[in-house]
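Structure first, then comments.
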Amino acid sequence: MENFDIRKQGPNLIVWALLLTLPLWINYVSYTQLGTQIVAMALGAMALNFLLGYTGVLSFGHAAYFGLGAYGAGMTIRYLMPSTGAGIIVGTLAGMLAAMLIGPLIVRLRGVYFAMVTIAFGQVFYFIAFRWNGVTGGDDGLTNWKRMPIDLGFTTLHIESQATTFYYFVLAVFAISVGIMAFLLRSPFGRTLIAIRENERRTRFLGINVNRHIWISWVISCTFMALAGSLNALLNNFVDPRAFFWRQSGVFVIMCVMGGMRSFWGPLVGAAIFIWLQDELSSMTANWQSFVGLVFVVVVLFFPRGVLGILRRKATE
Amino acid sequence: MSQLILLAVVNGLIVGAFYALMAIGLSLIMSLSDVINFAHGGFLAVGAYLAYSMTPYVGFWGGLLIAPVLTAGLGLLVEKVLISRVYGRDPLYSLLLTFGLAFIFEDVTRYIWGAQGLPYQVPGWLMSPLSLSLFFLTGYRVFMMALIMVVVGALFWLMTRTRLGLRIRAGTLDLETVSILGVNVRVLRNLNFGIGIYLAGLAGVLAAGQLGLQPTIGDSLIMPSFIAIIIGGLGSLTGTLLGGLMIGVASGLATVFVPSASEAVMYVMMAVVLLVRPQGLLGEEGRF
């Protein structure tokens, strides 16, 4: 704590204070489950931003890993063993394994081409979930399973019945994951990723294996995305093929951009705004999809830096 | 059995021709403007529904003629007002913009024409089979294939024999030089976008006759179009055409033998191409 700088730590303190006290005030604006969803989706958006904002690689297919985490968790609990922990672990590992296998096929590509190939690969999983009726439930989704209480030995977490307990469970997973990502970004490895974003050719000339770094960053990003997917599935006690659909990938990207891709907490802010907005809109109008589309257009044309980008610019002026 | 395989191949070629028509438009826009047009499927649906709405007044042939042109007009407008504003910025923004447009297009078509599928009337004489032994070969299917061939032929002529086509192809390679040589790049990109959307609109009208009308009609066609581009090689129109037909036939054959793999087979082909020849079958090395 010797270099404690309130200006630097201020945002972190605000974010954690808000997240830790969320169950106390959320009922004035919304409900606890929505808060849980925001934290789970924010983990996904921050995982994507590890690649998008900090490595500068344009992935549009992250829904695939979100969905793998979700189906991994659901299918483990339904078919293998009724344990929440096992579900999360299997779901996350499934996403990681798929990312490791697909990575070598795509790390050579760049820009829009990378985006197009990632999105196409993402669709493979959509069709598997859609077609493999007997196991995945097909179009109707995977049902007949639910999250289980977690036995810690000295106490049991009743995440299946207490919304607040589940919220804090998700928040704890979120905190550990975000901590790991922040640690990685501050390490020499993370600095190399930022160097790749800023000037790939120069980084290459320094003797750094750019493709391998992108591959590792891709796997890390997809792994945390899968973790987010499994948390979201546990929240709903349900998952359907739409978790894999390419539109879901776009939603994660807009969360990053809306909050601010160049800020660590940007995707969290973006996820909070997007999910709250979608929740409000879908209860007000049947045409909420148009408004969501409009949000995309307005953000791109008028707020490309995102909320935190704008705030930061104001602060430095 | 041979009849069954022939049926699968013909079906595959027809679906593949749709993929190709869409993929060529996407590829034109992508190579000149660096924009993945996610709204392409939306434009396709608009073309199809416009044709449906005008058929009572101008007939099937009028719809086929006018609807794609109107769709292209809408495309010119959207490019001018919205998409042209994100040129030169990180490609991320153009992706998100067209992504948002795709949402809006789908929702608006659903709002105007309803979420239920609508029947699309094709002249009766076109729907009858040409011969009894080849029962699946209706006049409409033959006509569709012929029309798509003519349109693609005309596009190749445009690209290789006219000044506009020459400039578009030159712009794909080096837009800055083309601009310095005195070509109005804004207009060039606008027209190029319009051509791409025309093809989407035409694919929409033809697909409506074959598959029926639904607001999500473009959704099922856009992913295979991406795959067609990846397999054929970005920047090569011949490659894209070939890619479209190949995955069409492959998934047609898969439908006969392993129905559940009819989509998966396309992705397997894509993975193999990326592994062996990342630039695509006819793509140039080092462009991406």
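The values are calculated or read from the model by the stated rules, or taken from the named source; none is laboratory data. Keep in mind that this is a model prediction, so the values were computed, not measured. Glycine gets a Cβ as well: all are built from the backbone with ideal geometry, and neighbour counts include every protein chain shown.
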Self-check item: Candidates B:216, B:172, B:177, B:160, filtered to the one that is outside any helix (DSSP H, G or I) and polar (S, T, N, Q)
Solution: B:216
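Anything in the range B:202-232 that is out of contact with any helix residue (DSSP H, G or I) (no Cβ under 9 Å at 6 or more places or on another chain) and within 14 Å of another protein chain (Cβ to nearest Cβ)? List them, or say none. Walk me through it before giving the result.
Here is the first cut: in the range B:202-232, the ones out of contact with any helix residue (DSSP H, G or I) (no Cβ under 9 Å at 6 or more places or on another chain) are B:212.
Correct list: empty.
Go through the range B:122-131 and count every residue that is surrounded by fewer than 18 Cβ atoms within 10 Å (Cβ to Cβ), part of a loop (DSSP other than H, G, I, E, B) and in contact with a Phe, Trp or Tyr (Cβ under 7 Å, 6 or more places away or on another chain). Write out each step before concluding.
From the range B:122-131, those surrounded by fewer than 18 Cβ atoms within 10 Å (Cβ to Cβ) are B:123-131; that's our starting set.
From what is left, the residues that are part of a loop (DSSP other than H, G, I, E, B) are B:123, B:128, B:130-131.
Among the residues that remain, those that are also in contact with a Phe, Trp or Tyr (Cβ under 7 Å, 6 or more places away or on another chain) are: B:123.
Matching residues across the range B:122-131 total 1.
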Exercise. Identify, from the list A:193, A:234, A:227, the residue that is assigned to a helix (DSSP H, G or I) and over 30 Å from residue A:75 (Cα atoms).
Key: A:193
Practice problem: Restricting attention to the range A:94-141, report how many residues are surrounded by fewer than 19 Cβ atoms within 10 Å (Cβ to Cβ), under 21 Å from residue A:220 (Cα atoms) and more than 9 Å from chain B (Cβ to nearest Cβ). | Solution: 4
Quiz item: Mind checking which residues of the range B:71-88 are out of contact with any Leu (no Cβ under 7 Å at 6 or more places or on another chain), of a type outside the set (A, V, I, L, M, F, W, C) and free of Cβ contacts under 8 Å to residues at least 12 places away in the same chain?
Solution: B:88
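From the list A:95, A:141, which residue is on the phi > 0 side of the Ramachandran plot and not aromatic (Phe, Trp, Tyr)? Steps first, answer last, please.
Working: A:95 fails: on the phi > 0 side of the Ramachandran plot.
Result: A:141 is the single residue among A:95, A:141 that is on the phi > 0 side of the Ramachandran plot and not aromatic (Phe, Trp, Tyr).
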Self-check item: Failed condition for residue A:188, given (1) in contact (Cβ under 8 Å) with a residue 24 or more places away in the chain; (2) more than 14 Å from chain B (Cβ to nearest Cβ); (3) of a type outside the set (A, V, I, L, M)
Solution: (1)
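Regarding residue A:221, is this residue surrounded by 22 or more Cβ atoms within 10 Å (Cβ to Cβ), more than 15 Å from residue A:92 (Cβ to Cβ) and modelled with pLDDT of 95 or more?
Here the answer is no, as residue A:221 does not meet what is asked.
Given the criterion modelled with pLDDT of 95 or more and within 20 Å of the chain's Cα centre (by Cα), identify the matching residue among B:73, B:63, B:100. Walk me through it before giving the result.
Numbers: B:63 fails: modelled with pLDDT of 95 or more; B:100 fails: modelled with pLDDT of 95 or more.
That would be B:73, the only listed residue that is modelled with pLDDT of 95 or more and within 20 Å of the chain's Cα centre (by Cα).
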Self-check item: Residues that are closer than 14 Å to residue A:289 by Cα, among the aliphatic types (A, V, I, L, M) and either more than 7 Å from every other protein chain (Cβ to nearest Cβ) or in contact (Cβ under 8 Å) with a residue 24 or more places away in the chain (or both), drawn from the range B:89-111
Solution: B:101, B:102, B:104
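Determine which member of the set A:221, A:290 is in contact with a helix residue (DSSP H, G or I) (Cβ under 8 Å, 6 or more places away or on another chain), within 14 Å of chain B (Cβ to nearest Cβ) and under 23 Å from residue A:306 (Cα atoms).
A:290 is the lone residue from the list that is in contact with a helix residue (DSSP H, G or I) (Cβ under 8 Å, 6 or more places away or on another chain), within 14 Å of chain B (Cβ to nearest Cβ) and under 23 Å from residue A:306 (Cα atoms).
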Quiz item: Quick one: which of B:188, B:155, B:181 is closer than 28 Å to residue B:85 by Cβ and surrounded by fewer than 18 Cβ atoms within 10 Å (Cβ to Cβ)?
Solution: B:181
Exercise. Could you check, for the range B:248-263, whether at least one of its residues is under 21 Å from residue B:28 (Cβ atoms), modelled with pLDDT of 85 or more, buried (at least 24 other Cβ atoms within 10 Å of the Cβ) and within 18 Å of the chain's Cα centre (by Cα)?
Key: yes
Self-check item: Members of the range B:239-280 found to be small (Gly, Ala, Ser), in contact with a Leu (Cβ under 9 Å, 6 or more places away or on another chain), at the interface with chain A (Cβ under 10 Å from one of its Cβ atoms) and assigned to a helix (DSSP H, G or I), listed by number
Solution: B:271
Quiz item: So which of A:24, A:68, A:34 is at pLDDT below 90, out of contact with any Ser or Thr (no Cβ under 7 Å at 6 or more places or on another chain) and among the hydrophobic types (A, V, I, L, M, F, W, C)?
Solution: A:24
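Taking the stated definitions as given, is residue A:242 away from chain B (no Cβ under 11 Å), assigned to a loop (DSSP other than H, G, I, E, B) and surrounded by fewer than 19 Cβ atoms within 10 Å (Cβ to Cβ)? Let's see the steps before the verdict.
Details: away from chain B (no Cβ under 11 Å): yes; assigned to a loop (DSSP other than H, G, I, E, B): no; surrounded by fewer than 19 Cβ atoms within 10 Å (Cβ to Cβ): yes.
Considered against the rule, which asks whether it is away from chain B (no Cβ under 11 Å), assigned to a loop (DSSP other than H, G, I, E, B) and surrounded by fewer than 19 Cβ atoms within 10 Å (Cβ to Cβ), residue A:242 comes out as no.
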Quiz item: Within the group B:235, B:182, B:194, which residue is more than 14 Å from every other protein chain (Cβ to nearest Cβ) and on the phi > 0 side of the Ramachandran plot?
Solution: B:182
Quiz item: Which residues, taken from the range B:229-247, are of a type outside the set (A, V, I, L, M, F, W, C), at pLDDT 85 or above and surrounded by 22 or more Cβ atoms within 10 Å (Cβ to Cβ)?
Solution: B:232, B:233, B:239, B:240, B:243, B:244
Quiz item: When you look at residue B:194, is it surrounded by 14 or more Cβ atoms within 10 Å (Cβ to Cβ) and within 22 Å of the chain's Cα centre (by Cα), yes or no?
Solution: yes
Quiz item: Does the range A:255-268 hold any residues that are surrounded by fewer than 24 Cβ atoms within 10 Å (Cβ to Cβ) and part of a helix (DSSP H, G or I), and which are they?
Solution: none
Self-check item: Verdict on residue B:206 being free of Cβ contacts under 8 Å to residues at least 12 places away in the same chain and under 30 Å from residue B:64 (Cβ atoms)
Solution: no
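For the range A:269-290, what are the residues that are of a type outside the set (Asp, Glu) and either without any contact (Cβ under 8 Å) to a residue 12 or more places away in the chain or part of a loop (DSSP other than H, G, I, E, B) (or both)?
If we filter the range A:269-290 for residues that are of a type outside the set (Asp, Glu), which is where we start, we get A:269-278, A:281-290.
Hits for the range A:269-290 are A:281, A:282, A:283, A:284, A:285, A:286, A:287, A:288, A:289, A:290.
Could you please let me know if residue A:134 is in a helix (DSSP H, G or I) and free of Cβ contacts under 8 Å to residues at least 40 places away in the same chain? First the steps, then the outcome.
Numbers: in a helix (DSSP H, G or I): yes; free of Cβ contacts under 8 Å to residues at least 40 places away in the same chain: yes.
For residue A:134, the condition - in a helix (DSSP H, G or I) and free of Cβ contacts under 8 Å to residues at least 40 places away in the same chain - is met.
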Quiz prompt | residue A:198 surrounded by fewer than 18 Cβ atoms within 10 Å (Cβ to Cβ), more than 30 Å from residue B:90 (Cα to Cα) and either more than 19 Å from the chain's Cα centre (by Cα) or of a type outside the set (Gly, Ala, Ser) (or both) | solution = no
Quiz item: Restricting the range B:18-60 to residues that are surrounded by fewer than 24 Cβ atoms within 10 Å (Cβ to Cβ) and among the small types (Gly, Ala, Ser), which is farthest from the other protein chains (Cβ to nearest Cβ)?
Solution: B:59
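From B:236, B:225, grab the single residue that is within 16 Å of residue A:118 (Cα to Cα), of a type in the set (Gly, Ala, Ser) and within 15 Å of the chain's Cα centre (by Cα). Walk me through it before giving the result.
Details: B:236 fails: within 16 Å of residue A:118 (Cα to Cα).
Just a single option satisfies the conditions, and that option is B:225.
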